[in-house]
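Colleague: Have a look at this one before I ask anything.
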Amino acid sequence: MKENSILDKKALSIIEGKNANWKELAKDCVCFANSYGGKINIGIEDDEDEPISNQIINPKLIEDIQKRISSLTINVGIAPRIVKSNNGGEYIELSVLRNSQSIASTTNGKYYMRVSDDCKPVLPDDIERLFSEKNTFVWEDKIVRKIPLFECDVIKYNQFLKDIRSSERVSTFVKEMSDEEVADYYFLSNNGTLTNLGILWIGKRKDRAVIHYPPSVQFIKYDIDERKVFKKVWDDFSQNPKELINEILTQIPDWNEFVEVSDGIFRKNIYNYPPEVIRELVANAFAHRNYSMRGDIFINLYSDRLEIHSPGLLPLGVTPENILTKSIQRNPLIAKLFYDLKLMEKEGSGYDKVYELLLGNGKEVPKVFEGDDRVVVIIKKQIISNEVLRLMDKASKELQLRQRELITLGLIAQNDGVSAIDLSAILNVIKQNGLQNWIGRLVDFGLILSKGKTKGTLYYVNPEFLRYSDFIEKTNLKRIEPHRLQELIYEDLKNYPDSSVSEINKRIGDEIKQRTLKSKLDEMISTDLIVKTGEKRWTVYSINVKNMK
């Protein structure tokens with residue numbers, strides 16, 4: 001398993017021999033204690049998943065860890081134990097408990113916290129903010145009002161259980177738990193009593209309304225002069241987050257607006273705001289907002305942009321500049337629940353999915369601003385250019401690009417070429433050779449070219465790629481999308497009425513299977529788009545004159 005925000009790996013030498021570095025281990029313990037807790041596997045190298053097979057741990061090291069860490073840290077709770085790996089080798093699993101009430105530090109007065117897979121110092125200006133963040137750490141599983149599980153909203157509880165047991169993201173082990181065990185597993189309850197998260201998700205309206213602080217949402221639409229023309233508010237606390245998100249997505253007709261973009265003989269619909277992007281950003285606002293402070297989530301729709309305002313600041317360690325690559329969860333239990341219920345794509349920030357979708361639709365990446373008491377995410381309505389859109393569409397379909405490759409290609413295309421330094425800054429790449437993980441196979445595929453060396457390298461789109469794509473387009477008719485096949489048939493029959501299946505097949509592309517073509521023709525007949533005359537091999541098709549375009 002790779003190192004992440006809750007897992008670190010250390011060589012055994014950090015606690016053994018003359019070069020033992022107890023202060024470094026103490027610093028890492030402080031990091032986890034000030035974040036969400038975690039485990040440090042001592043005796044496993046960074047690039048390995050297991051210890052060496054003949055490694056034996058001296059039990060005395062457990063006692064040494066407990067003594068040394070307690071003498072080098074303040075407000076840090078640990079639980080070390082020896083674990084035997086599948087290959088027979090032993091290592092130490094050092095569990096660091098989350099400090100939910102106070103701030104952990106080293107005994108020499110230094111503060112640290114875990115940011116992704118790094119241990120970062122907390123600067124003096126951020127210590128006060130770290131104190132305030134502690135309140136949000138304990139909100140989810142805290143019991144403020146003692147409401148028994150059996151007094152929850154039964155309809156919401158049953159729907160929650162149904163959603164969990166039908167989700168492919170949930171393990172069979174969890175699905176086979178009893179109803180009460182599932183509620184406890186997701187921290188909706190604790191020993192039969194609803195937590196804050198439980199009240200938020202399956203509580204009754206009267207109980208949800210008085211917890212600190214249930215989310216409420218305002219949607220406001222502005223005209224071209226930025227005057228309010230429509231407002232809808234969800235503030236009666238009758239719905240849980242899933243129900244709120246679904247209603248926001250289905251009750252606002254503006255989400256269905258799109259523009260038609262020419263794509264050869266076809267037309268492609270590009271949503272002003274892709275539905276998946278709206279879902280991800282709204283879910284993100286629910287999952288990562290600060291529930292220890294009052295404030296509505298605002299969804300402001302302007303003529304040229306969409307703004308989503310979420311109460312509170314970004315989690316400590318996340319900035320507008322690194323939000324694409326940093327994954328810190330303010331509410332890890334809510335984030336886990338959102339992920340398992342398929343309300344969010346990832347348990348992290350989810351911004352990589354938003355970048356992928358927006359760039360794939362030829363739009364700018366989101367702009368993130370942090371104000372005094374809120375985070376604002378802005379996405380633009382306008383397509384950068386049809387050429388960039390066409391490039392992204394072709395590259396995605398032809399080459400099956402990975403997410404990072406698609407994001408990188410979109411950034412290079414929209415900037416009409418970008419230097420290695422600027423690209424590293426946009427992607428927040430700090431580690432040496434880290435940019436290569438984003439570029440991936442783009443150079444090998446001939447999608448992008450480069451000139452220059454090292455930091456001065458300039459990456460730009462290969463102008464030959466679109467010409468190459470045009471050349472191979474006809475072979476892709478085997479995988480033609482159903483709505484495009486229908487449009488192709490319709491245009492053909494407008495020009496050549498009373499045509500047989502074989503005649504249509506020959507004109508629009510004989511690489512399309514006749515069975516596929518016949519199925520689409522039957523579907524078009526059932527919707528009265530076309531009519532047929534004759535029987536069997538003498539059957540011919542024509543446009544239904546009542547529906548002529």
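Colleague: Output the residue which, of all residues in the range 327-350 that are assigned to a helix (DSSP H, G or I) and at pLDDT 85 or above, is farthest from the chain's Cα centre (by Cα).
Modeller: The qualifying residue farthest from the chain's Cα centre (by Cα) is 333.
Colleague: Given the structure, is residue 468 at pLDDT 80 or above and open to solvent by 70 Å² or more (accessible area, probe 1.4 Å)?
Modeller: no
Colleague: Select from the range 56-84 the residues that are open to solvent by 70 Å² or more (accessible area, probe 1.4 Å), farther than 22 Å from residue 101 by Cβ and touching a residue at least 24 places away in the same chain (Cβ under 8 Å) and list them in ascending order.
Modeller: Selection gives 56, 68.
Colleague: Would you pick out the residues in the range 386-420 that are outside any helix (DSSP H, G or I) and at negative phi?
Modeller: 401, 402, 415, 418, 419
Colleague: How many residues, within the range 16-42, are open to solvent by 10 Å² or more (accessible area, probe 1.4 Å) and not in a strand (DSSP E or B)?
Modeller: 11
Colleague: If a residue must be within 12 Å of residue 408 (Cα to Cα) and out of contact with any Asp or Glu (no Cβ under 8 Å at 6 or more places or on another chain), how many such residues does the range 430-460 contain?
Modeller: 7
Colleague: Would you kindly identify the helices (runs of 4 or more DSSP H) lying entirely within the range 185-277 that contain at least 1 residues that are among the charged types (D, E, K, R)?
Modeller: The helices (runs of 4 or more DSSP H) meeting that bar are 205-208, 241-250.
Colleague: Only residues that are loosely packed, with under 10 Cβ neighbours inside 10 Å, outside any helix (DSSP H, G or I) and either in contact with a Cys (Cβ under 8 Å, 6 or more places away or on another chain) or modelled with pLDDT under 85 (or both): list them for the range 503-549, please.
Modeller: Those that are loosely packed, with under 10 Cβ neighbours inside 10 Å, outside any helix (DSSP H, G or I) and either in contact with a Cys (Cβ under 8 Å, 6 or more places away or on another chain) or modelled with pLDDT under 85 (or both): 548, 549.
Colleague: If you don't mind, another one. How many residues are at pLDDT 95 or above, assigned to a loop (DSSP other than H, G, I, E, B) and open to solvent by 30 Å² or more (accessible area, probe 1.4 Å) when one looks only at the range 116-175?
Modeller: Selection size over the range 116-175: 1.
Colleague: Can you tell me which residue in the range 365-415 is nearest to residue 438 (Cα to Cα), limited to those that are of a type in the set (D, E, K, R) and open to solvent by less than 40 Å² (accessible area, probe 1.4 Å)?
Modeller: Filtering first and then ranking leaves 405.
This table checks each residue for (1) closer than 29 Å to residue 227 by Cβ; (2) crowded, with 17+ Cβ neighbours inside 10 Å.
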{"site": "262", "(1), (2)": "no, no"}
{"site": "272", "(1), (2)": "yes, yes"}
{"site": "290", "(1), (2)": "no, yes"}
{"site": "294", "(1), (2)": "yes, no"}
{"site": "298", "(1), (2)": "yes, yes"}
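Colleague: Same structure again: Hey, among 99, 86, which residue is more than 27 Å from residue 128 (Cα to Cα) and in a loop (DSSP other than H, G, I, E, B)?
Modeller: Answer to the check: 86.
The values are calculated or read from the model by the stated rules, or taken from the named source; none is laboratory data. These numbers come from a predicted model, not from an experiment. So basically every Cβ, Gly included, is an ideal-geometry build from the backbone, and we count neighbours across all protein chains shown. Side chains are part of the model used for accessible areas, which takes the heavy atoms of the whole protein and leaves out ligands, DNA and RNA. Shrake-Rupley method; radii C 1.70, N 1.55, O 1.52, S 1.80 Å.
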